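Asks: This is the structure I want to talk about, given as structure tokens.
The values are calculated or read from the model by the stated rules, or taken from the named source; none is laboratory data. Everything numeric here is computed off the predicted structure, so don't read it as measured data. Positions of Cβ are generated from backbone atoms using ideal geometry, with glycine treated the same way; all protein chains shown enter the neighbour counts. Heads up: the accessible areas ignore ligands, DNA and RNA and are worked out on the full protein's heavy atoms, side chains in. Shrake-Rupley method; radii C 1.70, N 1.55, O 1.52, S 1.80 Å.
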Amino acid sequence: MERLVERLEKAVERLEMVCQRPGMCEDGSSKGVAQYVQAFDALLAGPVAEYIKISKEVGGDVQKHAEMVHAGLMSERALLVMASQHQQPAENAFSSLLKPISEQIQGVQNFREKNRGSKLFNHLSAVSESIPALGWVAMAPKPGPYVKEMTDAAMFYTNRILKEYKDVDKKHVDWVKAYLSIWTELQAYIKEYHTTGLTWSKTGPVATEGSKSPSAPQAGAAPPPPGPPPPPAPAPTSSNTDDSASRSALFAQINRGEGITSGLRHVSDDMKTHKNPALKNQGGPLRSGPKPFTAPKPSCNANNPSPKTSPKAPALLELEGKKWRVENQENASNLVISDTELKQVAYVFKCTNSTLQIKGKINSITLDNCKKLGLVFDDVVGIVEIINSRDVKVQVMGKVPTISINKTDGCHVYLSKNSLDCEIVSAKSSEMNVLIPTEGGDFTEFPVPEQFKTVWNGQKLVTTVTEIAG
């Protein structure tokens, strides 16, 4: 890692020396390095180098993840150099040029999935959720807002890190600041040089998959001959990755360009519900709230079929150390965890159309990427977290102090009489309902607000729940 940082520093020094020579960096010609490539090198030497340095100090999985992030940024730099010296290619050729970046994004996200037991899982998740921001090169006409959207996706985990280490280890707080500054600086960079999309050269040959881009110039000498392009990425695997990892599949849709609308059909006036109110009742009940963002699943390509499909992940229900792992269960209606201890936690991942009962007192429970799951538990002394899930029902038989709902669409929480003082924290979620027990043994349903109104009262912002009739 030290050598990596030293190489970055030396590369920037060489660029500065070369740019002092006449006619080398004044424009984007092939005689020197384009201005926007220089600016990207400055980003690598600034925020990125700081992030890599602190990641090395943190060590472990964070350091390995940082090396993968750096590899993705270098693949992006190679594309920028190519764009500065080539004219914009056709859609199919551009898709091939994007494969190295897409491969790096997928690698970063796969690393997180393979290390779910890591003590630094929040760090890995923050990076994994935001790394699709590297795909801005395929976005038009608003690549900057796309980067911001991906950065916001990391905030849930970076806030966790800050809360956990704020008064414990300042190094992790600095890590969060350094990492987020990469994307902040990248947004400013895009705004200045690529406002409406990746800027291509007006002269030179048209870029193709076999186009070559030069490496960094040597000090006191002309740029060396072009080197080989990055190796192409493998064909996409099947859609058996979770929703957060599938965001890299967005590349496949983006790269179609104008052709992305070719599959849409024209909607005439007699088919529009706002002009024909009678149609509103023909399609079933309307949704009551927004649906969390999910990227489209990668589609099969008839011309380039995947050489093999990933095997289905095995179903698990086992105790690993102090963690109960319940993973990849499907159509299992009688899952039970009974031999529990106070120090144990339960992690339920990617379970579908199943029910799970946890008996006794346990420290915490996390539901991640679950669909149509029913959870019944006795007592939790910490927190119950529901993340990236859909249509889940949670019933408390004893007590629980806090229930957190994040990026979840459809969640019913049944409280017991002993848990009425429970705090329910929600973010980026919809269709949430809390059911309160009555004296007769039934439940009364109360919706959790999803819409708010914020006003300035002259001194501060005041936010209140918005009540919408109808």
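Asks: Where the centroid of each part is defined by its Cα atoms, how far is the range 397-445 from the range 31-76 in Å?
Replies: The two parts, judged by their Cα centres, are 44 Å apart.
Asks: Which value in nm describes the separation of the simple spin-label points at Thr208 and Leu342, placed 7 Å from the Cα toward the beta carbon?
Replies: Modelled inter-label distance: 7.1 nm.
Asks: Over the Cα atoms of the range 316-465, Rg to Rh with Kirkwood Rh, two decimal places? Mind dumping the intermediate values first?
Replies: Details: Rg = 16.4 Å, Rh = 16.0 Å.
So for the range 316-465, dividing Rg by the Kirkwood Rh gives 1.02.
Asks: Also, quick follow-up: In this model, which of Lys114/Lys350; Lys163/Lys350; Lys399/Lys428; Lys312/Lys359 are farther than 18 Å apart at the alpha-carbon? Present the calculation step by step, with values, prior to reporting the outcome.
Replies: On the way: Lys114/Lys350 14 Å; Lys163/Lys350 27 Å; Lys399/Lys428 25 Å; Lys312/Lys359 29 Å.
In this structure, Lys163/Lys350; Lys399/Lys428; Lys312/Lys359 exceed 18 Å between Cα atoms.
Asks: So for Ser338, Ser354, Ser201, what's the accessible-area order with a 1.4 Å probe, most first?
Replies: These residues rank, largest area first, as Ser338, Ser201, Ser354.
Asks: Placing +1 on the Cβ of each Lys and Arg and -1 on the Cβ of each Asp and Glu in the range 316-465, which of Val376, Gly441, Ser364 has its Cα farthest towards the positive end of the resulting dipole?
Replies: The residue sitting farthest along the positive end of the dipole is Ser364.
Asks: Moving to a separate point now. Order Lys359, Lys202, most accessible first, counting only protein heavy atoms with a 1.4 angstrom probe.
Replies: My answer, sorted largest first, is Lys202, Lys359.
Asks: I need the calculated FRET efficiency for the pair Met74 and Ile436, taking r as the beta carbon distance and R₀ as 51 Å, to the nearest 0.05.
Replies: Calculated transfer efficiency: 0.40.
Asks: Once you wrap a convex hull around the alpha carbon atoms of the range 33-194, what is its projected area averaged over all directions, in nm²? Don't jump to the answer; show the numbers that get you there.
Replies: Numbers: hull surface 36.5 nm².
Directional mean of the projected Cα hull area for the range 33-194 stands at 9.1 nm².
Asks: Using 0.36 nm times the number of residues separating Thr184 and Ile424, minus their current alpha carbon distance, what extension gain do you get? Numbers along the way, then the final one.
Replies: Working: separation 240, 0.36 × 240 = 86.40 nm, distance 3.14 nm.
Separation in residues times 0.36 nm, less the Cα-Cα distance, equals 83.3 nm.
Asks: To the nearest 10 Å², what's Ile436's accessible area with a 1.4 Å probe?
Replies: That residue has around 50 Å² of solvent-accessible surface.
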